[in-house]
Amino acid sequence: MTQEPDEQARGTGRRALLGAAVLGAGGAVIGLPGAAGAAQGGAAAGHSGLKSLPVPTVIGHRGASGYRPEHTFGSYNLALDLGAHVVEAGDLVPTKDGHLVCRHEPEIGGTTDVAHHPEFADRKTTKTLDGVPTTGWFTEDFTLAELKTLRAVERIPANRPHNTLYNGRWDIPTFEEVLKWQDEETRRRGRQVWIYPETKHPTYFRKLGLGLEERVAKLLRKYGKDKRNSPVILQSFEPSSIQLLNKLVDNPLVVLLSSADSRPYDFVEAGDPRTVADLITPKGLREIAGYAQGIGPTLDLVIPKKADGSLAEPTTLVADAHKVGLVLHPYTMRNENPFLPAEYRRGTGADAYGDAFGAFRTYFATGIDGVFTDNADTALLARADFVNS
């Protein structure tokens, strides 16, 4: 995404782009391709790729995971119903027989009913996942046919007890099913549906002989969605995964960034001593801009938190990223108290909503280009407030 060099001009351009969008929970976006263009993977007239998205972009994090078990078609469809501009469908992990499925992690004990399947009791094991001992059931130990006998459940029931109503309703989607769903929903809704899949633990899976990037690229090519203007944004916490994808496909690419003191696991494996703090320097951002179009930082990299959990002053990350042409899609805004900065919490209930609108307003004011959120409807109302203020 090309940025204006002058901040005032850039802000004016942003407001003009914002004004071009139809705001509200159900609105399609003016300028996005309709069904005919979408079927060809093309972009709207006068726009291309990421530039065709409204700013700030509302990205449905694992669908509408504030209201439905994450990474299910129930969650993905609701995100579209609520008006999300993009749906994060999904976090990609492989099966034993090489299919890509959508799960938050390869360990599925917390997101499926696998523990209630006695036939899979002996699959429970402990593995070292990116250096961390992890116990449970792992997708790479199941065939796709076996995984399809499982059903999704709510991952954080203490925060979302209402979501447990839907436990067992949906199965685990494959990435190929998601690509077909994207086309079907684009035709049905008359507006281009965008997706934002992530390669999960790519170094770990490559060492198992289950490389993710080639499988992603093969499916994108099969469905004609491997182009610069294709409505599929690819993301990963491992820069080397994005660098490899940059060689395999022409899709928009985003490097995800965790806490400043963390190291991407591919750096750990390669003996690269750099941390995320090094990647968000002007030098690091210029390097990222050489192979990606955006970054997905944790919200704390945009506005750090004080010791009491309240917000400190914003960093220069937004301005620094924009200077080298990178868009910023931070993660993750959620409505519940435990996930909000301290000053926006209301009461102490783990499942109670805080002042999410206030938090959205503060983050939008930094100039971010979009945000991942579990609550797309809240985000869109906050976005309308921000644009019209």
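Observations
- Spatial separation of Cα centroids for segment 189-204 and segment 111-187, in angstrom: 17
- Length-normalised contact order of segment 235-310 in % [C-alpha pairs under 8 Å, at least 6 apart]: 35
- Projecting the Cα atoms of Pro157, Thr135, Thr203 onto the charge dipole of segment 134-204, computed from C-beta unit charges around the Cα centre, puts Pro157 farthest toward the positive end.
- Tensor-based shape of segment 297-341 (alpha-carbon gyration tensor, a/c under 1.5 rounded, otherwise prolate or oblate): oblate
- Heavy-atom accessible surface of segment 152-203, averaged per residue, reaches 39 Å², computed with a 1.4 Å probe.
- Most tightly packed first, judged by the mean number of other beta-carbon atoms within 10 Å of their residues, the peptides 205-217, 265-277 read 205-217, 265-277.
- Total charge dipole magnitude, segment 194-344, about the Cα centre, Cβ charges on Lys, Arg, Asp, Glu only, Debye to nearest 20: 720
- Taken over the C-alpha atoms, the chain has Rg and Dmax values of 19.9, 62 angstrom.
- Charge dipole (segment 251-356, unit charges on Cβ, about Cα centre) - positive-most of Asn337, Ala289, Val268: Ala289
- Total charge dipole magnitude, segment 278-389, about the Cα centre, Cβ charges on Lys, Arg, Asp, Glu only, Debye to nearest 20: 200
- Relative to its Kirkwood radius, the Cα radius of gyration of segment 228-292 gives an Rg/Rh of 0.98.
- Selection from Tyr223, Leu245, Gln235 lying farthest towards where the dipole of segment 198-248 points positive, charges on Cβ: Tyr223
- The mean sequence distance of close C-alpha pairs (under 8 Å, at least 6 residues apart), as a share of the length of the chain, puts its relative contact order at 18 percent.
- Heavy-atom accessible surface of segment 131-218: percent carbon and sulfur, 1.4 Å: 52
- Choice from Pro133, Pro231, Pro157 showing the highest fluctuation, given a GNM over the chain with Cα pairs closer than 10 Å: Pro133
- Surface accessible to a 1.4 Å probe, per residue, for the residues of segment 246-334, Å²: 42
- Cα centroids of segment 60-93 and segment 299-358: 21 Å apart.
- Relative to the Cα centre, the charge distribution of the chain, modelled as +1 at Lys and Arg Cβ and -1 at Asp and Glu Cβ, gives a dipole magnitude of about 780 debye.
- Applying 0.36 nm per residue to the separation of Arg346 and Asp122 and subtracting their alpha-carbon distance, the gain on full extension is 76.2 nm.
- Candidate lysines for bridging to Lys305, where Cα separation is under 26 Å - those fewer than 8 sequence places away on the same chain excluded: Lys283, Lys323
The values are calculated or read from the model by the stated rules, or taken from the named source; none is laboratory data. Note that the coordinates shown come from a computational prediction; the quantities given were computed from them, not determined experimentally. Note that each Cβ is placed from the backbone with ideal geometry, even for glycine, and that neighbours are counted across all protein chains shown. In case anyone asks, the SASA skips ligands and DNA or RNA and just uses the protein heavy atoms, side chains included. Shrake-Rupley method; radii C 1.70, N 1.55, O 1.52, S 1.80 Å.
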